[in-house]
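Laboratory data are not the source of any read-out in this text; all were calculated from the coordinates shown. Everything numeric here is computed off the predicted structure, so don't read it as measured data. When we count neighbours, we look across all protein chains shown, and the Cβ atoms used for this are built from the backbone with ideal geometry, even at glycine.
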Amino acid sequence: MSTPHLLPNGRVLRYSFHERLVHWMAGISYVYLLLTGLAFWSPWLFWIAAALGGAAVSSQLHPWAGLVFVLAVVRMYQLWGAQMKKTPADKAWLEAMPHYVRNEDESMPSVDRFNPGQKILFWGFWWCGLLLLLSGIILWFTDAIPWSLRFLRYFAVIVHPVAALLTIGLFIIHVYMGTAAERGAFGSVVRGDVSRAWAKRHHQSWYESIVGESSAKK
Amino acid sequence: MTNGWIDIKNTDMMLIMGGNPAENHPCGFKWAIEAKRNRNAKMIVVDPRFTRTAATADLFLQIRAGADIAFLGGLVNYAIQNNRLAKEYLLNYTNASFLVKEGFQLPENGLYSGFDPATQTYDKSTWNYQEGGNMAGKAAPIDRPAATAAPAPAVLPPNVAYDLALEHPRCVFQLLKKQYARYTPETVERITGIPKDQFLKAADLFTSIRKDGDTKKVASVIYAVGWTQHTVGTQIIRTAAILQLMLGNVGRAGGGVNALRGHSNIQGATDMAGVFDLLPGYLKMPRPEDTDLAAYLKRVTPTVSKPGPWDSFSYWSNTPKFAVSLLKALYGPAATKQDDWAFHYLPKIDRQYSWTQLWDRMYRGEVKGLLSFGMNGVMIGPDTKKNIAALKKAEWLVVGELYPDETSEFWRAPGTTTEQMRQIQTTVYRLPCAGFAEKDGSFTNSARWLQWKNAALPPPGDARLDQDILAQIFLRVRDLYKKEGGKFPDPILNAAWSYTDPQHPSLSEVTKEINGKALADLKDEKTGQEIKTGQQLPGFAWLKDDGTTAAGNWIYCGAWTEAGPQLARRGTEDPSGLGIYPNWAWSWPANRRVLYNRASCDVEGKPWDPSRKQVWWNEAAGRWVGNDVPDFKADSPPKDHMGPFIMNPEGVGRIFAPLAAFAEGPFPEHYEPMESPVKNPLHPNQSNNPVVKKFTTAEDVYGTVEQGFTVICTTYRLTEHYHYWTKHNPMNVETVPEPFVEISADMAKDYGIEGGETIKVTSARGTYIAKAFVTRRIKAMLIDGKKMHQIGIPIHWGYRGIAEDAGKTANTPANLLTPTVIDPNAFTPEFKGFLVKVEKA
Amino acid sequence: MSQATLEIRAISGHAGSVPGAGVKRELEVCKLIDTTTCIGCKACEVACLEWNGLTFSETTFQNSYQTMPETAWNYWNLIKFNEHERDDGSLMLLMRKDQCMHCEEPGCLAACPADGAIVQYANGIVDFQQDRCIGCGYCITGCPFNIPKFSPQARKVFKCTLCADRVTQGLEPACIKSCPTGCLHFGTKAEMKELADHRATQLREHSGFAKAGVYDPSGVGGTHVIYVLHDASDPEVYGGLPADPHVPWTVQLWKKPLKWLGNLAIVAGVAGVFIHYLRYGPKTVPEDLQGGKP
Amino acid sequence: MDTTRRDFLKVAAAGGAAATVFGFDLAPAYAQLRELKIARATETRSTCPYCSVSCGVIIYTLGDRAKNVTPQVIHVEGDPDHPINRGTLCPKGASLEQDILNPRRLTKPQVRRPGKTEWEDISWDNAIGEIAQRVKKTRDETFVEKDASGRTVNRCEGMAFTGGCTDTNEFNYLVVKAMRSLGVCYLENQARV
């Protein structure tokens, strides 16, 4: 990596500016998609659409926001796809999940830049994103689908909310982890850096590789 | 129509042939559906194509275009052979028992007696009844002409010989039987292409109304221009009339021979003599030999001809009253007794001036100017190319229209170069007219109802009312004659035109003039009823031949009386439930809704079917009474045996049409269309109508099978379009956007044509290009044992219209294909059943 | 103030109560289409076009009398033509007027997310309210009859209103009025059913159509447009009239169980993380692991 | 404020989302009252100009016939009182509105002069004057008073009149009067074909 991970201020660069930008591109578009999607999901939430400028505006912008989101996810894939690959170590980590839930992080095996939870999140969004894209396009251009291919619409109309629901589940956990649960994580996608302790605590292998890399440079 | 639109609901059986009412008269067709729905009536549809009418039929037969007489003749034969006849009706209300003159010959070789091949005309003197009395069981006296007498003009004998046993070999019934015995189911199959078993099914079904002596049921025959537009058109209708008379269906609710006229007011146009051979009210045009009114009246007023014991009203004997009243209406004060009621003002004609002849003589340079109001002659054809060529030779053309039409733009018809345009010397005036919504006035529908309509809005832009344009042109011409003089100006100067505003004649004033008024105080001696000078006449019974009445059209007398505009009445009551609606508008004659309704009763004057009571004899009152106005002499008791067909001098229906009634013969005979793929199987040596009128200019060419024109073609209208009018209306254009040619799936296979592919149809006269409509609704046929294809072309597209202007059509009017050849009786061109070849374009 | 809202039985995408549910007595209206007396004249098509003032679109000849392949956003009423050969080889020209069926259980309304964009009146008319339509097109998916059509210009969906404007004023729909043969009939649902049954019986007994019957599909709770068919056992031959129409199962799954499951899941998810926080609090990073301040 | 529901709808439409922001639906207009477009239009009873069934039609025009209104057709539908059509119409009758109000209608007199390739406008007065002169000229040139055998025929075979299918009875009668007085023999009509 060309970016030096050990910053002069002694902190560790976890996400580059580019990565952060992509993250928030996805994040903001996803929130918009979520809100407008929820508005269309349930009459009890339809007021959200009104609050966001009216339901007609929402329904018209929702697919465009979806495109932005998909673009971001694709970029994320390019950035992180390789690092999100399943590794043998993931198994142990996943087995140790109960500790993680109970905040007994010291009992967790060491992980690389992304822990299997993050990988699940990533691949969840990736695959759900793909489904949302496909079904979304069908729903977007629903009037262009000929009657003989109406099964596509029937498929889309169920796949889109199911996939969205899955992402919502992931999203809830992600937001919770990123903000309330894991102190320091939010900063990492805002300013980009984390403390060395944080890095070592949560992504020990990654931290060690950075440190190793940096000493090798020296 | 002898009956009316609503009356169709009273029928038990319909034969729809030569017409496609579901498509061309949808709102009238509802009454056919009502009959099916409410009476379980059966519907037989016979047509060259499986039309949208056929879609609702109980039985559909595909017939070769132009083979109708063979089919109907086959039905006549079937009815006789199977004794499916209305015997009492046949005997008493038709001329079945009348004896025909010695020397009359049936056309077994294709020709009736008296044919002169040199002039292509008949000497019709043998086409007459035998003079004499009751001939039952006797040999008829030989009818020898007095050796010395000069050949007097043939007239009907006043005392007709007859045989009520219908057994005399020269009685009409026996001749009829003999004539149509040749029309066996096998022959019908050879000519029409309808398989024998299907024909027998239809024949059995149609005549089933007279099964086992039933006299209650009624059948209706419904037709349109699919019958008239043939060289034997009139005779096709005659065959249907004969069939209906034999079955006793004429004059009865749910019966009749019903012509569905194609346009809103062509019934009115015919009534009002918008045609060369008539004067208003079906008075005949005078001829040069009518040197004065008396001579004219003698010629055109029929004399009674009937069996001695019978009575005949012969209403046309009042012709002098109608004629003098008409002349008083046309020429007002100038029509005086001294001046023979201005009879000499009328042109005298001794040749034919019909539609096709008009264009033919314009083509020959004889007709130099044409005034055309709402009549798109180029498109109507036949032979659009010839009509365009004719207009190029005219000096001037005046077109009154609503839309840019092909006739007014003939000089820039497709294919005309700028150079050619410069050589066309015709001056064309195109005047914007008013549409129906912008004019008041009356239309007469197919059921003879006169209905007043109101103007809803003014014409757009500078458009003017048609009557104003006509009045202004006529008055300007009159001014010119006043100022400059000219040839025989008297009729122009003296034509009665004293409308309140002569430049803008009020149509209600004109209607009143047509109805007629008293010019002197009149009194009916019998009833004591009086009509003062200037009052509207209540009916034609008041017309006089002494100049004390004026009426522009005697059959319309009663339409606008002192009681007001009867033709604008809106009474919606129908007490009889037969759909008579006596208080809605006004029907000629005398507000009768079903013609010849005396025939709806038996000889005693009791309705054949008590559940459908139209009129009946009321012994106590000594009159005919009923739900409809009796079409009869109201006080003639049944015992007098007055015939119900009061317009015929015989008083009865004519199964045999004597003398000059028809050009081809007293009974219809099947003749092939002018362009036919086969020789007439009945008599190959006399294939076509022997007295047909063909034309001889360079444009008038007729195709043959040998030249490669092997496909039978027919033209028609679609329900979505109206002639050459709705192609300007986006709604109708949307529903059917483009021209097409309907061809059978069999043919498409034989020719390798796909649906939607552009094809070229060529006749001896022209080429039509459109997309192919490949359908299973037309099938290949076996005609005289040979496989043949039949195609259909809707007529609606020309070279001005929404699709045309957008470049979406080939700009080929369908009538580029049709031949100039006409029926010798009605002068209608043969738009149906001509020959073409079909190729991929 | 109009009582229009009280005449509403169902509202799309609507939270809470429906103003007119069970309030007003209203006759249920119904169109009866007797395909056996249809002559395919298209008077209904044109009357619809004219009354509703719809714009014109360019059509092309497609080897049929049919005006266009299917209804359009500006063409709500279309006769479908079919040349059908019967088992005995005889030909039938089947013509069926296609338009909104005004289902008792409308799939469009079920699928629609926009509050009030589709309403069902107490008289059975299912009406689109374009001012509330958001142009999402879910109704297109919800409809088993291929009726709602999207207008790219208006970005709204349109279909037959059963001439709600006329019917609320006591008039019959424009198509019904125009029909020349009376193949279209209008009245209460009960009477139209009776008339339809009567006609079907007549067809079976007098016209040789042994399988004649009435089409009032129960899969969508019955419709406010019913057909008399020559052969009720095979409605598909009438230009694809579905034999057993249902609101698509995915729409039903989505709108019913999935909705509640999903809502539950979301609420559970949010509650779950909240409880987690209450129980375990945030993850902290012990300073000593760091090996000194950054 | 006395706001009618219609007024409210207008306001709501103009204000767009403002009225429904935060889900406060101020006046739930779930059933938009669709206005009957012919509610106060003028009705004129007429007869369809197409086929011979003669369906009664009602022409609805804009305005109430007040002096300051130029009527324009807004709708045409069948006359339910008419015994034959009972309110029904065919596709041609149902499209009559577009026949009356049609941008393709001819609205001014035109003439195409000999050898010309385009139409020219002409005033009514000139058009009628020219036509009258041509009628007279042709008549005077071709009129036959006596035939070859010396019998009075008083006919003009040099010009023709063809009448259309939608000409009224009264117009047809005036045509007969005018044309037969001119001696016209070629008097024909759509009725023939």
Checklist entry - Based on DSSP H runs of at least 4 residues, each adding -39500 (n - 2.57), what is the mean residue ellipticity at 222 nm of chain C after dividing by all its residues, to the nearest 500 deg cm²/dmol? => result -7000 deg cm²/dmol
Checklist entry - Which value, in debye to the nearest 20, describes the size of the charge dipole of the protein assembly as shown about its Cα centre when Lys and Arg Cβ atoms bear +1, Asp and Glu Cβ atoms bear -1, and nothing else is charged? => result 2240 debye
Checklist entry - If you count the DSSP beta bridges with both ends in region D:110-192, what percent of them are antiparallel, to the nearest 5? => result 50 percent
Checklist entry - What's the exposure ranking of B:317, B:446, A:29, going from fewest to most Cβ atoms within 10 Å? => result B:317, A:29, B:446
Item to check | GNM top mover of C:277, C:227, C:138 - chain C, alpha-carbon springs below 10 Å | outcome: C:277
Checklist entry - Taking the convex hull of the alpha carbon atoms in region B:684-840, what volume per residue do you get, in Å³? => result 134 Å³
Checklist entry - What residue among B:291, B:739, B:367 has its Cα farthest toward the positive end of the dipole of the protein assembly as shown, where the charges are +1 on Lys, Arg and -1 on Asp, Glu, each on the Cβ? => result B:739
Checklist outcome for this item: The rounded separation in angstrom of the Cα centers of region B:728-751 and region C:50-80 is 16 Å
Checklist entry - DSSP beta bridges in chain B, what fraction antiparallel, as a percent rounded to 5? => result 55 percent
Checklist outcome for this item: Taking a ≥ b ≥ c as the square roots of the Cα gyration tensor eigenvalues, with a/c under 1.5 meaning rounded and otherwise prolate when a/b beats b/c or oblate if not, chain A comes out prolate
Checklist outcome for this item: Kirkwood Rh for region B:596-736 from C-alpha pairs, in Å, is 20.8 Å
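What does the charge dipole of region C:214-294 about its Cα centre add up to, to the nearest 20 debye, if the Cβ of each Lys and Arg holds +1 and the Cβ of each Asp and Glu holds -1?
780 debye
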Item to check | Whole-percent pair-distance distribution, where bins are 10 Å wide, for the alpha carbons of the protein assembly as shown | outcome: 1, 7, 13, 17, 17, 13, 9, 6, 5, 4, 3, 2, 1, 0, 0, 0
Checklist outcome for this item: By the mean-Cβ-within-10 Å protection proxy, highest first, B:365-374, A:123-132 rank as B:365-374, A:123-132
Checklist outcome for this item: Going fewest to most other Cβ atoms within 10 Å around each Cβ, B:667, A:114 line up as A:114, B:667
Checklist entry - Is there a simple number for the mean count of other chain Cβ atoms within 10 Å of the Cβ of residues in A:140-148, and what is it? => result 4
Checklist entry - Going toward the positive end of the dipole of the protein assembly as shown, with +1 on Lys and Arg Cβ and -1 on Asp and Glu Cβ, which of A:145, B:802, B:676 do you reach last? => result A:145
Next on the checklist: Need one word for chain B: rounded, prolate or oblate. Basis is the Cα gyration tensor (sqrt eigenvalues a ≥ b ≥ c); a/c below 1.5 gives rounded, then a/b vs b/c decides.
Outcome noted: rounded
Checklist entry - Got the relative contact order for chain B handy, in percent, Cα pairs under 8 Å and 6 or more residues apart? => result 17 percent
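Looking at the protein assembly as shown, what % of its DSSP beta bridges pair antiparallel, to the nearest 5? Please report the intermediate quantities before stating the final value.
Numbers: 96 of 153 bridges.
Among the beta bridges of the protein assembly as shown, antiparallel pairing accounts for roughly 65 percent.
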Checklist entry - Between A:47, D:111, B:630, whose Cα lies farthest towards the positive end of the dipole of the protein assembly as shown when Lys and Arg beta carbons carry +1 and Asp and Glu beta carbons carry -1, centred on the Cα centre? => result A:47
Item to check | At most 11 other Cβ within 10 Å, DSSP loop - trypsin sites (Lys or Arg not before Pro), region D:29-127 | outcome: D:40, D:65, D:67
Next on the checklist: Counting only Cα atoms, I'd like the Rg/Rh figure for region D:110-192, Kirkwood definition for Rh.
Outcome noted: 1.05
Checklist outcome for this item: Kirkwood calc, region A:114-218, C-alpha pairs only, radius in angstrom 16.6 Å
Checklist entry - Seen from all sides and averaged, what is the projected area of the convex hull of the Cα atoms in region D:42-100, in nm²? => result 3.8 nm²
Checklist entry - Got a sec? How would A:108, A:97 order by Cβ neighbour count within 10 Å, fewest to most? => result A:97, A:108
Next on the checklist: Using only the alpha-carbon atoms of chain C as identical scatterers, what base-10 log of I(q)/I(0) does the Debye formula give at q = 0.16 Å⁻¹?
Outcome noted: -1.33
Next on the checklist: Over region B:328-423, what portion of Cα pair distances is larger than 19 Å, expressed as a whole percent?
Outcome noted: 53 percent
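For region D:110-192, what's the relative contact order in percent, using C-alpha pairs closer than 8 Å and at least 6 residues apart?
Details: 85 pairs, mean separation 19.0, N = 83.
Relative contact order comes out at 23 percent.
Charges only on Cβ, +1 for Lys and Arg, -1 for Asp and Glu: so what's the dipole of region B:684-840 about the Cα centre, in debye to the nearest 20?
200 debye
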